[in-house]
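Trainee: Pasting a structure here, questions to come.
The values are calculated or read from the model by the stated rules, or taken from the named source; none is laboratory data. The structure presented is a predicted model; accordingly, all values stated were derived computationally and were not measured. Quick reminder, even Gly has a Cβ in these numbers, built from the backbone with ideal geometry, and neighbours come from all protein chains shown.
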Amino acid sequence: MASVAVDPQPSVVTRVVNLPLMSSTCDPMSSAHVSTKDQSPYLKSVCKMAEKGVKTITSVAMTSACKGLDRIEERLPILNQPSTQVCRDGQEQPGGPAI
């Protein structure tokens, strides 16, 4: 049986989706997207075209994205907070959340 090399590093997409700020924002959007697709054949075709575009852009962007994401995560610790926490912090501080 041939062995398959497995990359120990998670993909940039996995890393971005797993950021608390992103997942807490994207999960409801994803549910709305699926629901919208199921309601109308016309909307379903538009959503499929958008999905295809996102897949193309994602595959092109993978090359150096992980390194850039490392720098972004270091400079923007807000990304590691869920959106509810960011909103709550923004309401508590007159100048907005500290980034």
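Trainee: Out of 78, 72, 99, report the one residue that is modelled with pLDDT of 85 or more, among the hydrophobic types (A, V, I, L, M, F, W, C) and over 15 Å from residue 13 (Cβ atoms).
Mentor: Exactly one of 78, 72, 99 is modelled with pLDDT of 85 or more, among the hydrophobic types (A, V, I, L, M, F, W, C) and over 15 Å from residue 13 (Cβ atoms), namely 78.
Trainee: I'm checking my understanding of the structure. Among residues of segment 7-46 that are of a type in the set (Asp, Glu) and over 16 Å from the mean Cα position of the chain (by Cα), which one is modelled with the lowest pLDDT? Spell out the reasoning first.
Mentor: Of the residues in segment 7-46, the ones of a type in the set (Asp, Glu) are 7, 27, 38.
Right, trim to over 16 Å from the mean Cα position of the chain (by Cα) and you get 7, 38.
Numbers: 7: 53, 38: 85.
The extreme case among them is 7.
Trainee: For segment 29-46, how many residues are of a type in the set (A, V, I, L, M, F, W, C) and farther than 23 Å from residue 83 by Cβ?
Mentor: Of the residues in that region, 2 qualify.
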